[in-house]
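Chemist: Have a look at this one before I ask anything.
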Amino acid sequence: MVHDPALAALLSAPFTLAMAADRGITRSAVRRRLEDGDLRRVTHGVYIGAHVPDTLALRAAATVLAIGHGAIACGRTAAWLWGVPTGPAVVARHRPVEIAVPPGVAVPRRQGCRARSTAWRPDEVGRVAGIPATNPLRTAVDIARHDDHATAVTVLDGMLHRRHLTHRQLEEAVTHYAPRPGGPALATAVAAANAAAASWVETTIRLALADAGVPAPVPGWTLQSALGRVMLRFAFAWPELRLAVDMTGPTRPTPGYGVIVEPGRTPGPGPVIGRDSGPAPRVGRGSGPVRVAERESEWVPLVGRRASRPLRVAEHDAGPIPAVGRASRPLPLADRVPGPVPAISHASGPFPAAGRPASSTHMPRNATAQSAQPPTPRHAAPALASPRRRNVAGSPWLVLECDAAVVAADPAALVAVIRRELDARGEHRPAAA
């Protein structure tokens with residue numbers, strides 16, 4: 001617990017030892033707070049309160065503060081700060097912060113940082129989340145000139161979709177950088193950019209469709225009312241064939257995207273697992289001693305309520321679970337399991353009572369003996385694409401409902417499904433450019 005008012009005022013933002021000294025806080029006081037767990041080190045020479053979550057914006061702010069000398073965030077880091085990620089949030093945990101320093105300043109070599117020396121005009125720098133960074137136009141141009149084509153198109157799509165840029169600004173940038181290194185790559189990326197892409201997942205799928213020679217879809221197809229209100233949106237659509245792809249899941253990032261959650265914590269609101277806060281306890285441990293009959297084989301998410309103890313077997317929603325261990329009374333010979341009983345393992349369900357061999361296990365009364373089979377997972381993996389017949393504007397459409405996270409992991413599989421559906425409808429449109 002921090003009782004020093006001067007130090008408490010610094011905990012919500014990154015600070016250096018020099019900034020602490022200006023407030024009358026000594027190095028030894030900072031060291032003691034580090035040992036007590038009230039502070040943590042973000043990067044070399046920069047500290048923050050331990051309660052502040054680790055985010056990409058925090059690491060960028062700390063790195064800029066540590067380097068100084070007019071350093072700014074650039075590249076993919078600046079794109080993330082402007083709300084345009086180039087991949088899932090988990091990649092921010094391992095991706096270094098990209099920093100630019102002005103000419104004449106030594107390029108720093110710092111762990112978790114990728115710095116370069118470059119020149120920029122004053123109008124090419126802005127502030128986002130309180131951090132100096134290249135503005136959206138300069139960020140998009142730098143990535144398009146120096147990064148791979150897929151990343152460049154992803155950033156251009158995101159900047160256009162969020163109206164940070166216009167096509168006219170990009171066309172002027174293509175003309176300006178045409179004779180410079182990276183000019184042709186910029187022109188190619190601008191030609192492939194589309195403002196209808198709502199997320200990096202949609203851009204990834206669109207590029208995969210183009211590379212596979214699949215007929216070009218209409219990205220971001222919408223159905224609007226007479227007043228112009230969007231009634232329905234599909235990630236991709238082939239209106240002539242009444243075929244569409246609908247993305248579900250967290251595909252639209254927000255500013256501050258890239259929050260890094262420590263292992264064992266649940267990011268944001270969601271179902272409570274086992275306890276009110278903190279990581280889920282180990283199986284068989286609750287707020288006090290738990291009887292063997294109350295233990296469960298795995299923790300079950302609770303919806304609509306919280307609990308501080310493990311659930312009893314009777315509270316499971318997966319149906320009754322056969323009793324394990326000693327039965328409540330001796331079973332008749334006709335009800336006993338013929339032959340040896342297979343051993344019970346972690347994967348096959350609950351454990352037998354302590355000190356009891358597996359051969360002493362009995363099945364419940366009136367149960368039928370069955371051969372041992374592999375356990376069925378409680379939560380099956382989501383399907384790649386679920387075809388649904390939907391009524392769109394009075395016409396029957398085939399809509400492929402896809403989970404964004406599953407599709408992003410294997411875009412080629414979705415491309416194969418789309419190609420098969422298009423072939424089934426006898427589509428002969430020219431291939432996408």
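Chemist: Out of the DSSP beta bridges found with both residues in the stretch 53-194, what percent are antiparallel (nearest 5)? If you can, show how the numbers build up before the last one.
Modeler: Details: 6 of 12 bridges.
Taking every DSSP beta bridge with both residues in the stretch 53-194, the antiparallel ones total about 50 percent.
Chemist: Hey, how many Å between the Cα centroid of the stretch 384-417 and the Cα centroid of the stretch 7-40?
Modeler: 52 Å
Chemist: Relative contact order of the stretch 1-93: what whole-number percent is it, with Cα pairs under 8 angstrom and at least 6 residues apart? Don't skip to the answer; put the middle values down first.
Modeler: Values: 86 pairs, mean separation 22.1, N = 93.
Relative contact order here is 24 percent.
Chemist: Counting pairs of alpha carbon atoms under 8 Å apart in space and at least six apart in sequence, what relative contact order in percent does the stretch 1-52 give? Mind showing how you got there, number by number?
Modeler: Working: 55 pairs, mean separation 20.9, N = 52.
40 percent.
Chemist: Once amide H atoms are placed 1.01 Å from N in the peptide plane, what residues at a sequence separation of 5 or more from residue 55, or on another chain, have their amide H within under 5 Å of its amide H?
Modeler: Hits under the 5 Å cutoff: 260.
Chemist: Another one. Which order, highest average first, do 40-46, 177-183, 192-198 follow once you tally other Cβ atoms within 10 Å for each residue and take the mean per peptide?
Modeler: Details: 40-46: 16.3, 177-183: 12.4, 192-198: 19.7.
Packing proxy ranking, top to bottom: 192-198, 40-46, 177-183.
Chemist: Before anything else, pin down the relative contact order of the stretch 50-117: Cα pairs under 8 Å, at least 6 apart, normalised by residue count, whole percent.
Modeler: Working: 74 pairs, mean separation 20.8, N = 68.
Relative contact order here is 31 percent.
Taken together, the values in this text are just the output of simple stated rules run on the coordinates, not laboratory data. Note that the structure is a prediction, hence the values are computed from the model and not measured. Backbone-built Cβ (ideal geometry, glycine too); neighbour counts: all protein chains shown.
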